[in-house]
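Data first, discussion second: the structure below is written as structure tokens.
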Amino acid sequence: MEKERLFTNRQLIRLLWPLVIEQALAILVGMSDTVMVSSVGEAAISGVSLVDMINNLIINIFAALATGGAVVTSQFLGARKPEQASRSAGQLVTLSALLGVAVAAFCLLLRAPMLRLFFGSIDDSVMHEALIYFTITGLSYPFLALYNAGAAIFRSTGNSAVSMKVSVFMNLINIGGNALCVHVLRMGTAGVAVPTLVSRALGAVIILYLAAAHHDNPARVTWDGVRHLQPTMARNILYIGIPSAMENSLFQLGRVVVVSMISIFGTVHISANAVANNLDNVGCIVGQAMGLAMITVVGRCVGAGDLQQASYFTKKLMLWDYIAQGATNALVLIFLPQLLSLYTLSDETRQLAWLLVMIHAGCGILLWPSGFVLPNALRAANDVKFTMMTSILSMMIWRLGFSYVLCVQMGMGAVGVWIAMVVDWVCRVTCFVVRFVSGAWKKRCTPVRTA
């Protein structure tokens with residue numbers, strides 16, 4: 001008799017559709033920031049895009065910690081230990097608060113040297129806009145870390161609709177604030193930064209209140225779980241979080257380095273790269289959502305000690321992702337001229353952005369799911385060291401090394417960087433697929449400790 005599945009198709013869809021909407025809204029806000037600031041001038045759009053590379057680095061550090069918390073909480077829920085799940089949720093909030101404050105203090109104190117270190121060759125006008133944007137968004141880091149913690153807690157319970165609703169509220173505040181501050185108050189670059197700060201602060205307060213107030217939440221956050229660090233529980237979270245943070249931060253740092261290579265070629269290449277990154281994110285909306293769902297689903301299977309179902313649901317979600325991402329990337333390619341018309345760009349910048357999107361969306365249909373969704377299944381099964389080493393080495397050898405050769409030495413600019421990116425994808429896909437198919441990841445599936 002076949003064993004009952006831990007998730008039905010209806011439960012998977014109930015978990016996935018709020019995540020897709022949430023990711024779509026996040027992309028929409030990023031696009032609206034770039035579209036609105038593009039009306040201020042190419043110096044502004046360049047400054048914002050450069051800082052966003054650093055912001056993405058910070059966001060991924062917070063997301064990695066949240067991933068550690070989500071994996072641990074999901075595994076406890078799968079093992080039917082709600083008290084331990086609640087404790088892990090509280091510890092995630094504590095660790096996120098500490099990390100958010102520390103990162104904000106570091107970045108605000110060293111924001112000018114950081115920008116000069118990464119983008120020292122840019123024009124003074126671009127640097128001025130970048131400093132404004134970095135200062136204001138840096139103040140939002142503690143709130144962003146806490147929001148990510150709260151969202152991860154709800155996702156680990158399968159209740160992704162809560163984080164979606166909070167995200168809708170945050171994005172409405174952000175988009176409305178952008179329109180008011182940029183087009184009415186004429187605040188320039190600050191006009192897209194201040195609403196980001198306000199929306200993240202409100203989002204953090206709301207989602208943490210809900211995480212504590214929902215008494216039927218199996219991973220409810222309590223004051224006792226937050227006020228003191230519990231070494232064993234914190235180690236459980238950091239065991240997943242630290243390798244993921246190293247992997248994600250070095251990956252994003254590598255992206256910052258390659259953008260510094262692109263910046264050598266001037267504002268056209270910087271702006272085209274920024275616009276292309278915006279549009280490429282559209283094709284990854286479902287993939288980002290599927291990656292978050294993969295952590296919850298596989299983590300729950302591992303907690304229940306059922307590796308057969310962990311493998312089954314990984315394959316199932318990967319199939320769904322390939323179908324959905326193939327469709328969304330195809331739509332991006334079909335409607336690319338209309339999408340580019342949303343931005344205020346010179347003809348040269350528009351043509352370069354078109355080519356970059358074609359490279360990303362065309363190759364992403366085949367490579368992106370296995371390169372970026374599949375490793376989340378491995379992380380949820382505690383196989384974090386392999387994913388970390390694969391991602392770091394592939395980034396250093398291919399994305400950085402090959403980018404230097406193509407972009408700088410051969411003078412290909414942004415196009416060279418994006419070709420190197422595809423080579424990096426091929427390496428990641430090969431390693432992760434072989435790891436999963438071989439079953440070597442199952443050796444890392446040890447239960448989390450509770451004391």
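The values are calculated or read from the model by the stated rules, or taken from the named source; none is laboratory data. Please read all numbers here as calculations on a predicted model, not as lab measurements. Here Cβ is always computed from backbone atoms with ideal geometry, including for glycine, and neighbour counts include all displayed protein chains. Heads up: the accessible areas ignore ligands, DNA and RNA and are worked out on the full protein's heavy atoms, side chains in. Shrake-Rupley method; radii C 1.70, N 1.55, O 1.52, S 1.80 Å.
General observations
- Close pairs (9 angstrom Cβ cut-off, 6 or more residues apart or separate chains): among the β-branched types (Val, Ile, Thr) in the stretch 402-424, not in a helix (DSSP H, G or I) anywhere: VAL408/ILE264; ILE419/MET412
- Of the residues making up the stretch 78-98, just one is part of a helix (DSSP H, G or I), surrounded by fewer than 20 Cβ atoms within 10 Å (Cβ to Cβ) and in contact with a helix residue (DSSP H, G or I) (Cβ under 7 Å, 6 or more places away or on another chain), namely ALA97.
- Some residue of the stretch 390-400 being touching a Lys or Arg at 6+ places or on another chain (Cβ under 7 Å), farther than 22 Å from VAL286 by Cα, open to solvent by less than 30 Å² (accessible area, probe 1.4 Å) and not in a loop (DSSP other than H, G, I, E, B): yes
- Residue within the stretch 404-416 that is outside any helix (DSSP H, G or I) and open to solvent by less than 20 Å² (accessible area, probe 1.4 Å) present: yes
- Where a residue in the stretch 64-82 is touching a residue at least 24 places away in the same chain (Cβ under 8 Å) and its partner, wherever it lies, is crowded, with 24+ Cβ neighbours inside 10 Å and not in a helix (DSSP H, G or I), with Cβ under 7 Å and at least six apart: VAL72/VAL448; THR73/ALA219; GLN75/VAL448; PHE76/VAL448; LEU77/THR157; LEU77/ALA219
- Residue in the stretch 428-445 that is assigned to a helix (DSSP H, G or I) and within 17 Å of GLN252 (Cα to Cα) present: yes
- Within the stretch 245-259, not a single residue is among the acidic types (Asp, Glu) and surrounded by fewer than 18 Cβ atoms within 10 Å (Cβ to Cβ).
- Meets criteria (more than 20 Å from PHE372 (Cβ to Cβ) and in contact with a helix residue (DSSP H, G or I) (Cβ under 9 Å, 6 or more places away or on another chain)) for LEU339: yes
- Qualifying residue in the stretch 261-277 (condition: touching a Phe, Trp or Tyr at 6+ places or on another chain (Cβ under 6 Å) and buried (at least 18 other Cβ atoms within 10 Å of the Cβ)): yes
- Residue match in the stretch 13-26 (condition: over 18 Å from the mean Cα position of the chain (by Cα), surrounded by fewer than 19 Cβ atoms within 10 Å (Cβ to Cβ) and modelled with pLDDT of 90 or more): yes
- Residues satisfying the stated conditions in the stretch 174-199, i.e. closer than 22 Å to ALA289 by Cα and either of a type in the set (Asp, Glu) or open to solvent by 40 Å² or more (accessible area, probe 1.4 Å) (or both): ILE175
- On the stretch given as the stretch 222-244, residues that are β-branched (Val, Ile, Thr), surrounded by 17 or more Cβ atoms within 10 Å (Cβ to Cβ) and at pLDDT 85 or above total 2.
- Counting only helices (runs of 4 or more DSSP H) that sit completely within the stretch 294-385, those holding 2 or more residues that are open to solvent by 20 Å² or more (accessible area, probe 1.4 Å) and of a type in the set (Asp, Glu) correspond to 347-368.
- In the stretch 306-320 there is no residue that is touching a residue at least 24 places away in the same chain (Cβ under 8 Å), of a type outside the set (A, V, I, L, M, F, W, C) and within 30 Å of ALA353 (Cβ to Cβ).
- When restricted to residues that are farther than 17 Å from LYS81 by Cα, of a type in the set (A, V, I, L, M, F, W, C) and touching a Lys or Arg at 6+ places or on another chain (Cβ under 7 Å), the stretch 213-239 contains 0.
- Meets criteria (aliphatic (A, V, I, L, M), open to solvent by 40 Å² or more (accessible area, probe 1.4 Å) and in contact (Cβ under 8 Å) with a residue 60 or more places away in the chain) for LEU210: yes
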